[in-house]
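Structure first, then comments.
Each value in this text was obtained by applying a stated rule to the coordinates, not by laboratory testing. Since this is a predicted model, take the numbers as computed values, not measurements. FYI the Cβ positions are ideal-geometry reconstructions off the backbone, even for glycines, and counts take in every protein chain you see.
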């Protein structure tokens, strides 16, 4: 049991930090450092007692030294702001690495719950109404965790998550029989039915059917979910906080947030969504290079991460450099030949033309006008293809006539 007693229980739910992630090759550590600092400020301003982080703290199993530094500074700032931290591992984390030194960290108020075998061993934090038990369920890969959870026939995420929650409910029941008055919060990293993915999450379907029902969490006061990257309410007691930053252009319309919940004497009292500040906006713009680099309509996006779709009739040369003169954070570019006029449609362009004309035009578009020798080589190659096709068709056709 955590010895420190707090006056009241306010909990901040955040997840999926993905420290060390890049965005189309761009390092996001500065943005991640800024958003973790804003969470620490929120902890202080809202008098938060406990911050829960259900998984994907890092973006990869072996994070870089810089990613570890950014993460540690963020955790230190949150702890200094007055909150105890309870965290689990997600499918991007290495449970062993994230949980290394967990026993020592807990003495300083950072509880890293990464061991499958410990799902029924909560961190208990007291307030004036008694204790709150925080159970950490790390990401459960069915194939690797079913034996440890004593469900050898389990094949799906629902199976192993159900087994983990049976252990949680069993522990709560035993404590209740022993006279211990507890409210409960579960941290879990999973894809729960009803949640909507954003496209920046890594699929977890390799271990069987990837979804599990929200009913798996029946019997607890609040479930802090991680894995999906947008804030979502599945039930009043089961929620995703989403990631603190957008990690795909599909999330450009999302406002990132955290949940702040109060636990009263009877359990869950209230839940409030608090939006996080936008570190840098995302924009998807479309037009010709000239339109994008000179048009006043795009001025508001000059400090955004930009994904541009170019509609020039001919693929522009050095387009990214030109765009970055106006949009220094342009990070993604694609060219889409405009459609609508018949002469630009491929089918219309090749109709009535010989194979040699089409091949010659292709070489011209990709490089330059072929020389006379190159044209002769193309002609010989095409003639060879035609002869081979006729040879192949001949016997088959004759056989078909004989059979008839």
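Seen against the Cα atoms of the chain and their longest principal axis, helix 157-177 is set at about 10 degrees. The value of relative contact order for segment 280-338, using C-alpha pairs under 8 Å at least six residues apart, is 39 percent. What angle, in degrees between 0 and 90 and rounded to the nearest 10, separates the Cα long axis of helix 29-45 from the longest principal axis of the Cα atoms of the chain? In the chain, helix 29-45 runs at an angle near 30 degrees to the longest axis.
Taking every alpha-carbon pair under 8 Å whose residues sit at least 6 apart, segment 86-189 reaches a relative contact order of 30 percent.
According to the Kirkwood relation over distinct C-alpha pairs, the hydrodynamic radius of segment 218-259 is 10.9 Å.
Shape call for segment 280-338 from the C-alpha gyration tensor, a ≥ b ≥ c root eigenvalues: rounded (a/c under 1.5), prolate (a/b greater than b/c) or oblate? Note, shape of segment 280-338 comes out prolate. For Cα extents along the principal axes in Å, computed directly from the structure shown, the correct entry in (1) 83, 48, 46; (2) 92, 66, 36; (3) 92, 52, 41 is (2).
With angles folded into 0 to 90 degrees, how steeply does helix 372-403 sit against the dominant principal axis of the chain? Use alpha carbons for both and round to 10. With both axes taken from Cα atoms, the answer is about 80 degrees. Normalised by the number of residues in the chain, the mean separation of alpha-carbon contacts (under 8 Å, six or more apart) gives a relative contact order of 13 percent.
Each peptide among 307-316, 364-373, 90-99 gets the average number of other Cβ atoms lying within 10 Å of its residues, and from highest to lowest they stand as 90-99, 307-316, 364-373. Based on DSSP H segments of at least four residues, each scored -39500 (n - 2.57), the chain has a per-residue ellipticity at 222 nm of -10000 deg cm²/dmol. When peptides 9-18, 249-258, 102-111 are ranked by their average number of other Cβ atoms within 10 Å per residue, the highest-first order is 9-18, 249-258, 102-111. Given axes a ≥ b ≥ c from the Cα gyration tensor, I'd like to know whether segment 352-398 is rounded (a/c under 1.5), prolate (a/b larger than b/c) or oblate. It comes out prolate by the Cα gyration axes.
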